[in-house]
Each structure stands twice: as C-alpha cells, then as structure tokens.
Amino acid sequence: MGRAAVIVAAVAAAAACAAAGVVVGRRVRSRRKWGRVLRILKEFEEGCDTPVGRLKQVVDAVAVEMHAGLASEGGSKLRMLLTFVDNLPSGKEKGTYYALDLGGTYFRVMRVQLGGQRSSILAHDVERYPIPEHLLTSSSEDLFDFIASVFKQFVERDENGSERSLGKRRDLGFTFSFPVKQTSVSSGILMKWTKGFVIEDMVGKEVGEYLQEALMKKGLNVRVAALVNDTVGTLALGHYHDADTVAAVIFGTGTNACYLERTDAIIKCQGLLTTSGGMVVNMEWGNFWSSHLPRTTYDVELDADSPNPNDQGFEKMISGMYLGEIVRRVIVRMSLESDIFGAVFSKLSTPFILRTPIMAALHEDNSPDLAEVARVLKDILEVPDAPMKVRKLLVNVCDVVTRRAARLAAAGIVGILKKIGRDGSGGITSGRSSRADTKMRRSVVAVEGGLYTNYSMFRNYLNESVVEILGEEVAQHVTLKVMDDGSGIGAALVAASNPSRDADGVQIP
Ligand code: ADP
Ligand code: MG
C-alpha cells in the first residue's frame, strides 16, 4: 500500500470511528431520555395506586361524609341535597310526557309514553344535540332560548304541527344536572355551575322559572312539572323497572350520585315528613374529597387551571370531561423530558385536545400494530411516525388514568351501600357484625352516562372493583344496571308521578 493510500485509509477509519461515536452517543442519550420517560410513568403509576385497602378507606370516608352532610348544612363537601322526590315511580304512571335533559355535553329532548304498568314504556323518542360550546359561557337567555327552540322544533315534528301541541297542556320533566337547592319537586335554585359552564347571572336563581318562561315565549303549552338532576332521573327509571333499586350514579361528562334515604336520617331537616318516610338525596358527590384519594401533581395542576379550582375534586379524577386531559398532561410532561413525541408539540399543548372518547379509542385499540393509537397521534396530536414503544406508552398512561377513575368510582358506590347498610358490614352506625349473620338484601344501583356505557375498560374496571371491595359473596347481592337515557326518561316519570302536587306529600318543618 502506498503512503497516500495509508493516509486515506487512516482518515476513513477515523471518520468511521467518529461517526460510530456519534451514533453511540445518540443512542446513549436517547436511552437516557427513554429512561426518564419510564421514570415519569412509574411515578405516575405509583401516585395513582389504588390497592383494595386504600379503596376501603375511600368507602369509609364516603359513608362518613354522607353522615356529616346529612347532619348539618355545610357539614361536608358532600352537599346531600333534598330533592323533594319522596315517592319513586310505582309503574302505574300513564300518559304522554316530555323530558328535556341538559347534561354537560349533550342536550336531549324526548317524548315518553307510559302504559300504566311497571316497565311499560310504550315508546320513547329521543333526539340528542351537542350543546354549542359558546352557550357554556353565554347568558341564561341564550341558553334557554336554545333549549326552547330545539324543544319547539321537536314538538312540531313530533305532533306534526297538530293543534295538540298548542291545545292540550303537556307536563314536562326537566333534567338539569348541576347543583340545585330544590324548593319543591319542580323548582330549585342554582347553587353553582360545574363541567365548564359559567353563566354568572343564573347562579342563585330559580331554574324552573327560566325554562317555563322560555317555553311560554315560544307559545308552548307545557308545564315544567319536575326539575330533577340526572341521578334522580336515573334512579326513577331504575325503580320503575326494579323496586330494589336504591341508588343511581352517573358517569358522563360529570359524575354524581343519589340514593333513597330515610327521612329520620336527614338530621339537618328534622321533622321532615313525607308520605313514604323516605326521600331521594342528591349527594353532589363530584365534590367529594378525602385525603385517601390518590392525587398526583397532574391533578393539582388540572384543578388550578380549571374555571372552578378547589371544587369538584372527585369529579376531576373520575369523569369523562377530565380523563383525556389528565392523559394529555402526563404526556406533555414526558415530552418535556424527551423528544419521543417529536420536537414540536403544538397540538399536544392544547388543553382538552385529547377528549375522553378519543382516549378510549386508543386505549381499546386491539390491532397488533396499534394502528388507532398511531392514527390519533398523527391526526389529532400531530405526532407522526411514533414508534411502537411510544404507542404502547400512551396506552399505558390511558390505562393508569382509567383504572384509577373506575376504582375510585366503585369505592364511591360501595360507600353509599355502606351508608344504607347494604354492603354486608352492618352499616357504619350499627357496628360490625360478622358477614355471615347479616342478611343481605338485593340491591340494585342504576347507572347512566356515556363514560360507563361507551368505555368498556372503564366499565370493566369499575365492575371488577365493586366485587373486589365487597368480596364475592356480598357482591352477589349487588347489581349495577345500565339505564339508557335514564336521566331524561326518569324526569318524565317523576313528572308523571307528581301531578300538580308541589305542596302535597312533603312537609318541611
Ligand atoms: P352528558 O354528560 O352530556 O349527559 P353523556 O352521558 O352521553 O352526556 O356523556 C357524554 C360524555 O361521556 C362525554 O363528554 C365523554 O366524556 C364520555 N364519553 C362519551 N363517549 C365515550 C366513549 N366512547 N369513550 C369514553 N368516554 C365517552
Ligand atoms: Mg346525561
């Protein structure tokens, strides 16, 4: 080999070494970054941990807070609101009723025909409209004008413009799923907004009147005969189908629960008399809080950035409005530590861009190459060509978020059962008797909401956790039953079972 050739070879070798060095250096750096990402995941997993022991502490905390909320006004973060619904539908209800259901994401209009026998809903027509986003922060006038306009179109289509819609008066049940201090079964005052709604002029005002006025303005001969929230509607439908139904829970945009309580247990309202001896209590459990809840920095930051900080803490860990957003916050943190989601992540930094239905779709992606995850990353978050390990990582984060939510939701349900002595432990007031000598009654919990009905991983985790907390033997006596459109149909049922009787039945001292 000549001198020149030796020099060329040496230079080439040095260049190859340098290139190899760069590659190795890059690999080492990338491995380090990946290590940091995995550490974030591990910390997050640990922060969200819900072993059954912790869930049982949450169960106890729910039952204790329920007592406190019933004992005095403001005694707990659980408001435990009276609903004035004291007799649940018996099945004898008959006739045609309308219902309007203002949820957090959707507005539903329906007509329900009742046949006069248990479980004899002859027909129910439902139309669902997304609530236009600008109405969440507009004025009460705009919101109720929208509601009344949509309803008017529905009635006109439904009754084919016949004189019936203008002639015979119809009763209507209004499902308004925000905290309301009821003054009768058909009236109540808005206490605060949740789920992203902020219409200040309505807080402290009579909700039923707003609707009644808006309907009258449209020339509709309809009476608002019931004002309920979604949980109460769902309990009503549950009870209509199955008299063992004792509670109802909602997992939709928001989350809440109600249950049937004995009036003598509602200590803050001593002397409360109802013909049935009971009353449905709206827990407003979205606002539940306990130091046993596993809270992470992501929850703290989400809360601080929300329009209602320090409020609805349970809801912010559980409900459909927030789950996708928690996931987004975790992956933003990961992308700050590494470039696994690409150097530019403008979409990823947009709050609430990862909506919970999208999160569910990628979480439930069963394809071998996680094609749906790749599609969401590319089309929604603008992260193209994510390698398999990044796709799996995202699925993992979704799993942690949903599992925690579902398990806490299960603990909430068992907390209610405990309060009313249906968890096999003998209740919290009567001490612990052994499970063997506690006669278990069958208990049905009605469930409604898009998160539970559409997100099977959430539903499965929740159902499994109820069994895990209660134990298999006791859990045999507890059934969770989905009530499709329960919140709306139930409002029609409450309207039907409370015909023009605001003042009857319930006596407030
Ligand atoms: P609303 O809360 O308006 O009464 P729904 O009960 O239908 O309405 O719940 C809608 C919410 O449920 C959505 O905002 C979303 O958070 C959640 N959701 C709907 N579909 C899915 C889905 N496929 N997977 C997960 N969550 C879903
Ligand atoms: Mg709803």
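The values are calculated or read from the model by the stated rules, or taken from the named source; none is laboratory data. Source: prediction; values computed, not measured. Neighbour counts are summed over all protein chains in view; Cβ atoms, including those assigned to glycine, are modelled from backbone coordinates with ideal geometry.
For the structure I just gave you, tell me whether Phe174 is assigned to a loop (DSSP other than H, G, I, E, B) and within 15 Å of ligand 2 (Cβ to nearest atom).
So Phe174 does not fit the description; no.
One line per residue, one yes/no per condition, for (1) crowded, with 22+ Cβ neighbours inside 10 Å; (2) at pLDDT 95 or above; (3) touching a Phe, Trp or Tyr at 6+ places or on another chain (Cβ under 6 Å):
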position	(1), (2), (3)
Thr234	yes, yes, no
Asp244	no, yes, no
Gly252	yes, yes, no
Ala257	yes, yes, yes
Glu284	yes, yes, no
Test: residue in segment 261-280 that is touching a residue at least 12 places away in the same chain (Cβ under 8 Å), within 16 Å of ligand 2 (Cβ to nearest atom) and out of contact with any Gly (no Cβ under 7 Å at 6 or more places or on another chain): no
Test: Leu381 is away from ligand 2 (no atom under 16 Å from the Cβ) and either part of a loop (DSSP other than H, G, I, E, B) or touching a Cys at 6+ places or on another chain (Cβ under 9 Å) (or both): yes
Selected residue (criterion: farthest from ligand 1 (Cβ to nearest atom)) from residues of segment 303-318 that are crowded, with 20+ Cβ neighbours inside 10 Å and among the aliphatic types (A, V, I, L, M): Met317
Pairs with Cβ under 7 Å, 6+ apart, first in segment 444-469 and under 10 Å from Thr402 (Cβ atoms) and within 16 Å of ligand 2 (Cβ to nearest atom), second in a helix (DSSP H, G or I) and among the β-branched types (Val, Ile, Thr): Leu451/Thr356; Phe458/Thr402
Inter-residue pairs, beta-carbon under 8 Å, first away from ligand 1 (no atom under 16 Å from the Cβ) and in segment 319-336, second among the polar types (S, T, N, Q), 6+ apart: Val332/Ser349
Flag for Leu55 being assigned to a loop (DSSP other than H, G, I, E, B) and either touching a helix residue (DSSP H, G or I) at 6+ places or on another chain (Cβ under 8 Å) or more than 20 Å from Cys258 (Cβ to Cβ) (or both): no
Number of the exception - Tyr98 against (1) over 22 Å from Cys258 (Cα atoms); (2) of a type in the set (Ser, Thr, Tyr); (3) surrounded by fewer than 16 Cβ atoms within 10 Å (Cβ to Cβ): (3)
Verdict on Asp60 being charged (D, E, K, R), closer than 25 Å to Ala257 by Cα, within 16 Å of ligand 1 (Cβ to nearest atom) and surrounded by 16 or more Cβ atoms within 10 Å (Cβ to Cβ): no
Counted residues, segment 37-52 - those being touching a helix residue (DSSP H, G or I) at 6+ places or on another chain (Cβ under 7 Å) and either surrounded by fewer than 21 Cβ atoms within 10 Å (Cβ to Cβ) or in a helix (DSSP H, G or I) (or both): 6
Scope segment 101-120; condition more than 16 Å from ligand 2 (Cβ to nearest atom) and either buried (at least 24 other Cβ atoms within 10 Å of the Cβ) or among the polar types (S, T, N, Q) (or both); matching residues: Gln113, Leu114, Gln117, Ser119, Ser120
Positions within segment 460-487 being surrounded by 19 or more Cβ atoms within 10 Å (Cβ to Cβ) and within 16 Å of Thr255 (Cα to Cα), in sequence order: Leu462, Met483, Asp485, Gly486, Ser487
Qualifying positions in segment 102-135 - within 16 Å of ligand 1 (Cβ to nearest atom), among the aliphatic types (A, V, I, L, M) and not in a loop (DSSP other than H, G, I, E, B): Leu102, Val109, Met110, Val126, Leu135
Number of the condition not met by Ala99 [criteria: (1) within 16 Å of ligand 1 (Cβ to nearest atom); (2) over 15 Å from Val155 (Cα atoms)]: (2)
Test set (1) among the hydrophobic types (A, V, I, L, M, F, W, C); (2) closer than 18 Å to Thr263 by Cα; (3) surrounded by 15 or more Cβ atoms within 10 Å (Cβ to Cβ) - Trp34 fails condition number: (2)
Residue in segment 287-295 that is in contact (Cβ under 8 Å) with a residue 60 or more places away in the chain and under 22 Å from Leu362 (Cα atoms) present: no
